[in-house]
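Where a number appears in this text, it was derived from the coordinates with a stated rule and is not lab data. Small disclaimer: the values here were computed from a predicted structure and weren't measured. Please note: Cβ atoms are built from the backbone with ideal geometry, for glycine as well, and neighbour counts cover all protein chains shown.
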Amino acid sequence: MAHLLIIGAGGVGSVVTQKCARMRDVFDTVVLASRTLEKCEKIAATADRPVAVEQVDADHADAVATLIDKHQSDLVINVALPYQDLSIMEGCLKAGAHYLDTANYEPPDEAKFCYKWQWAYHERFEKAGLMALLGCGFDPGATNVFTAYLRKHHFDRIETVDILDCNAGEHGHPFATNFNPEINIREITAPGRYREDGEWITTAPLAVHRPFDFPRIGEREMYLMYHEEMESLTRHFPEIRRMRFLMTFSQEYLTHLRVLQNVGMTRIDPVPFRGHDIVPLQFLKALLPDPATLGETYRGKTNIGVLARGTKEGQDRAVYVYNVCEHQHAYKDTRSQAVSYTTGVPAAIGAELMVRGIWRGMGVFNVEQMDPDPFMERMGPMGLPVEVAIPDKDLLAQ
Ligand SMILES: NC(=O)c1ccc[n+]([C@@H]2O[C@H](COP(=O)([O-])OP(=O)(O)OC[C@H]3O[C@@H](n4cnc5c(N)ncnc54)[C@H](OP(=O)(O)O)[C@@H]3O)[C@@H](O)[C@H]2O)c1
């Protein structure tokens, strides 16, 4: 049994709070802290048991440490923004708590996310006898587990991995992002990057695309992007010769994005305006629908998975491991949409595995370094059933 502190009262924080509050045999107490207290109160009111709420500015490690001390927290789940990763990790070290997050650190003034800053904490966590688990959402998170699971059970050798992310849902707004708009747009407008034969190959943003026939959804156009799990997966599984990440977008979404980019609304540098400095992307976030509010009207499904190709017992094979999540299922369970849900549920599973000591270690770890089986066993019962498909032979050649 453990005392849990969750930081970040957004779309993902809401799912994590509700799911963890239901795990009465794992967490004695659940505390939700965020920048805006009212958002914590609103989420706490949806939980199945009392959840304490706190206001915190998690940019300050001391404030995080004070909160951990006050609530005797054993574990902190960070579902605030990537900008807070390092200060929350510092707070955990100061006060002696384990750490879990769903997105790697990114400096606010540069759209450049990577693991080097957080991996640099390994020795300090190790010395303190603490565990930090990085990237335990869906992608990264479940996709890292799927890769480890494929490697353990389906292949003797994996040659290539494609991580595929399809949201075929309709929310009824002309343009909205499914998680924090600032983080989402920074990611999508960055150059694409994939790994082949030990090299990173850079492509123009969203320039490379191809169709894929997603099980239970149908054919959708996918666009090659850079995504953070490729950095850790290629480090931990260097034998994988090629790794790519591809995500689907509707033409409507891409047209809006192009216009916003062309007029400068996705810029992240401050622009002087009537005596104030305004960051256009932050202003755009204030105009767009809050992703946490999309659930009620969202219809359709997501399909996110890992398609691996390689060999087993001398035979070539391709295997696709994936989850299909209905937006309405997510809404029924936690009053959220499927993107918050598919992120929050794996974070709750990871937290449970850490508290039970099933996933253990001292230092900083990525999810694929843990045994995938206990995580896979929990996915279905927690609301995200996993399916395995042997795709068409043609895929072997691609
Ligand atoms: N791995 C995955 O599959 C995956 C998928 C989607 C999202 N994510 C990650 O999940 C995280 C949460 O996403 P989301 O869509 O829930 O975002 P969100 O709705 O914007 O929520 C973020 C929350 O963090 C709070 N916050 C921001 N700065 C803070 C600070 N300095 N101190 C305390 N709280 C602060 C915000 O407070 P205010 O309400 O006051 O602004 C907000 O409540 C992000 O890091 C995102 O990258 C991961």
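Relative to one another, the C-alpha centroids of the range 138-214 and the range 47-61 are positioned 31 Å apart. For the range 221-269, chymotrypsin sites (Phe, Trp or Tyr not before Pro) meeting the loop criterion (DSSP other than H, G, I, E, B) and having at most 15 other Cβ atoms within 10 Å: none.
I need the trypsin sites (Lys or Arg not before Pro) found in the range 1-65, filtered to DSSP loop residues with at most 12 other beta carbons within 10 Å of theirs.
Filter output for the range 1-65: 24.
Between residue 235 and residue 369, the simple label model (points 7 Å from Cα in the Cβ direction) yields a spacing of 0.8 nm. For the range 185-195, backbone phi angles converted through the Karplus equation (6.51, -1.76, 1.60; θ = phi - 60°) give residue-by-residue couplings of 6, 4, 5, 6, 8, 6, x, x, 8, 9, 10 Hz, Gly and Pro being listed as x.
Explain nothing, just the number: relative contact order of the chain, from Cα pairs under 8 Å at least 6 residues apart, as a whole percent.
The normalised contact order for the chain reaches 20 percent.
Using the alpha-carbon centroid of each, what span in Å lies between the range 314-376 and the range 280-295? Cα centroid to Cα centroid, the span is 26 Å. Once backbone amide H atoms are built at 1.01 Å from N, residue 75 has 3, 5, 98 as its partners under 5 Å, excluding neighbours fewer than 5 places away on the same chain.
Mean separation of Cα pairs under 8 Å and 6 or more residues apart, divided by the residue count, gives the range 2-134 a relative contact order of 22 percent. On the principal axes of its alpha-carbon atoms, the range 2-134 has extents of 38, 32, 22 Å, going from largest to smallest.
The fraction of all Cα pairs in the range 271-398 landing in successive 10 Å bins from 0 to the largest distance is 10, 27, 26, 23, 10, 3, 0, given as whole percents. The count of lysine pairs in the chain with alpha-carbon distances below 21 Å, taking only pairs 8 or more places apart or on different chains, stands at 17. Of the GluC sites (Glu not before Pro) found in the range 308-372, those in coil by DSSP whose Cβ has at most 16 other Cβ atoms within 10 Å are 313. Using the rule -39500 (n - 2.57) for each DSSP H run of four or more residues, divided by the residues of the chain, the 222 nm mean residue ellipticity is -10000 deg cm²/dmol.
Judged by the ratio a/c of the largest to the smallest principal axis of the C-alpha gyration tensor, the range 177-272 counts as oblate, that ratio being 1.5 or greater while a/b is no larger than b/c. Among 203, 234, the ranking by other beta carbons within 10 Å of each residue's beta carbon, starting with the fewest, stands as 203, 234. Phi-derived couplings, Karplus 6.51 cos²θ - 1.76 cosθ + 1.60 at θ = phi - 60°, listed residue by residue for the range 284-296: 4, 4, 5, 8, 7, x, 5, x, 5, 9, 7, x, 4 Hz, with x used for Gly and Pro. Rg and Dmax of the chain, both derived from C-alpha coordinates alone, stand at 20.2, 68 Å.
Going from the residue with the fewest nearby Cβ atoms within 10 Å to the one with the most, 101, 25 rank 25, 101.
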